[in-house]
Amino acid sequence: MPSRLLLALANQQGLANFSMESSALRPMVLRFVAGEELTDAVGVTRDLNARGIRIALDHLGENTTDQESARTAVAAYREALGAIVAEVLDANISVKLTAMGLDISDAVAKENLRAALDTARAHDIFVRVDMEASAYTGRTLEVIHHVHAAGCTNTGPVIQAYLYRSAHDVDRLVEAGIRVRLCKGAYNEAPNVAFRRKRDTDRNYVRLMETLLERGVYPAIATHDEDIIDHAREFARARGITPDRFEFQMLYGVRRDLQESLVAAGYNMRVYLPYGAQWYPYLVRRMAERPANLAFVVGSMARDKQLSGVG
Ligand code: FDA
């Protein structure tokens, strides 16, 4: 499970003002984030496409509380879609409903999602809706079921294996023919909604993954867990589920060796590539998944202080 203490830092606005220009943080940020501009993400996408890796572009940003900011988020998503088309990239996009106004109302988020989906559909591009903290799970899924039933079929959510509710949610999504990305879950959740022990989450992940591989529509198996990846490969092989019927997904900056070996073995691989100025909460979640990453940051900051002679 992600470290709770570190996840608490994600909400510290003071820390969020760190600039990427800070020499101490920059290498760490750039390990996980393409850069602050769309052009940075386009450059990385081209490189990874050339290695046979597809991309999910993520314009970083969460929790808008006014209509204007929500519209700005939609404009950024549309700009990313435009770049995919103009640069002929093998990519789709990932969006967050809180960036598109879910904190304002379900109706605003729904309308903004539909606007992004319409632009994407004109170019046959899929739009993944990331899953955020559990307070949003039910509403996020309702928005997706609603737009999908209304004919916007180029979208699907993320399901988090640490939530108790996920087996039920997966059944409903499979029933509706909606594409799912399965992950373990990256937020700080209470024990009444989520498994506390990693082995329970892992067991649930495998159970949900088997359901999606057998009955889902082109599921995305999003994990860097080698045991689970091996299990997926063996499970699919044993049941005659060919590699073109699902894809593996990983985060930019994590297990590049494994990404490349899966491509070499003939599997579809998509890398989640964030970019934009609001990288702070994303970076904190990556550190919480693997606190060793934090040691790297603290080490660089300490070195930076020594170099600059600050006491
Ligand atoms: P686990 O945490 O067990 O890690 C397995 C191994 O992977 C580790 O031993 C380590 O080697 C490596 N690893 C994992 N995380 C690392 C890191 N940060 N740095 C370095 N090495 C690391 N979550 C969510 O709540 N909502 C969402 O929408 C998404 N979307 C999403 C998309 C994609 C494409 C991926 C891959 C993941 C997400 N996640 C997410 C994040 C997910 O919930 C989870 O927190 C991370 O993927 C880490 O879990 P693993 O499955 O990799 O397993």
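Pairing residues of the stretch 212-223 that are under 14 Å from Glu175 (Cα atoms) with residues that are among the acidic types (Asp, Glu) and buried (at least 24 other Cβ atoms within 10 Å of the Cβ), at Cβ distances under 7 Å and at least 6 apart in sequence or on separate chains, gives no pairs at all. Of the residues Arg233, Arg237, Arg199, Arg255, the single one that is farther than 21 Å from Met287 by Cβ and touching a residue at least 12 places away in the same chain (Cβ under 8 Å) is Arg233.
Restricting to the stretch 59-118, give me the number of residues that are assigned to a helix (DSSP H, G or I) and either over 15 Å from Asn154 (Cβ atoms) or open to solvent by 40 Å² or more (accessible area, probe 1.4 Å) (or both).
The qualifying residues number 25.
Could you tell me whether any residue of the stretch 62-69 is at pLDDT below 95, in contact with a Ser or Thr (Cβ under 8 Å, 6 or more places away or on another chain), charged (D, E, K, R) and within 16 Å of the ligand (Cβ to nearest atom)? Yes; the residues of the stretch 62-69 include at least one that is at pLDDT below 95, in contact with a Ser or Thr (Cβ under 8 Å, 6 or more places away or on another chain), charged (D, E, K, R) and within 16 Å of the ligand (Cβ to nearest atom). Kindly provide the set of residues from the stretch 262-311 that are at pLDDT 90 or above, β-branched (Val, Ile, Thr) and not in a strand (DSSP E or B), ordered by number. Selection gives Val263 alone. Return yes when Gly151 is small (Gly, Ala, Ser), farther than 16 Å from Leu97 by Cβ and within 18 Å of the chain's Cα centre (by Cα) and no when it is not. For Gly151, the condition - small (Gly, Ala, Ser), farther than 16 Å from Leu97 by Cβ and within 18 Å of the chain's Cα centre (by Cα) - is not met.
For the stretch 190-209, enumerate the residues that are open to solvent by less than 50 Å² (accessible area, probe 1.4 Å) and more than 16 Å from the ligand (Cβ to nearest atom). Passing the criteria: none in range.
If you go through the stretch 134-151 one residue at a time, do you hit one that is modelled with pLDDT of 95 or more, within 11 Å of the ligand (Cβ to nearest atom), outside any loop (DSSP other than H, G, I, E, B) and of a type in the set (Phe, Trp, Tyr)? Walk me through it before giving the result.
Taking the stretch 134-151 as the starting set, the residues that turn out to be modelled with pLDDT of 95 or more are 134-151.
Then keep just the ones that are within 11 Å of the ligand (Cβ to nearest atom); that gives 134, 136-137, 140.
From what is left, the residues that are outside any loop (DSSP other than H, G, I, E, B) are 134, 136-137, 140.
Checking which are of a type in the set (Phe, Trp, Tyr) leaves us with 136.
Yes: one or more hits.
Just one of (1) within 14 Å of the ligand (Cβ to nearest atom); (2) more than 30 Å from Val147 (Cα to Cα) fails for Gly240. It is (1). Restricted to the stretch 164-188, and to residues there that are part of a strand (DSSP E or B) and either over 18 Å from Asp130 (Cα atoms) or open to solvent by 10 Å² or more (accessible area, probe 1.4 Å) (or both), the residue that is farthest from the ligand (Cβ to nearest atom) is Arg181.
The values are calculated or read from the model by the stated rules, or taken from the named source; none is laboratory data. Nothing here was measured: the structure is a model prediction, and the numbers come from that model. In this analysis, Cβ positions are derived from the backbone assuming ideal geometry, glycine residues included, and neighbour counts consider all displayed protein chains. Remember, those area values only see protein heavy atoms, side chains included, never the ligands or the DNA or RNA. Shrake-Rupley method; radii C 1.70, N 1.55, O 1.52, S 1.80 Å.
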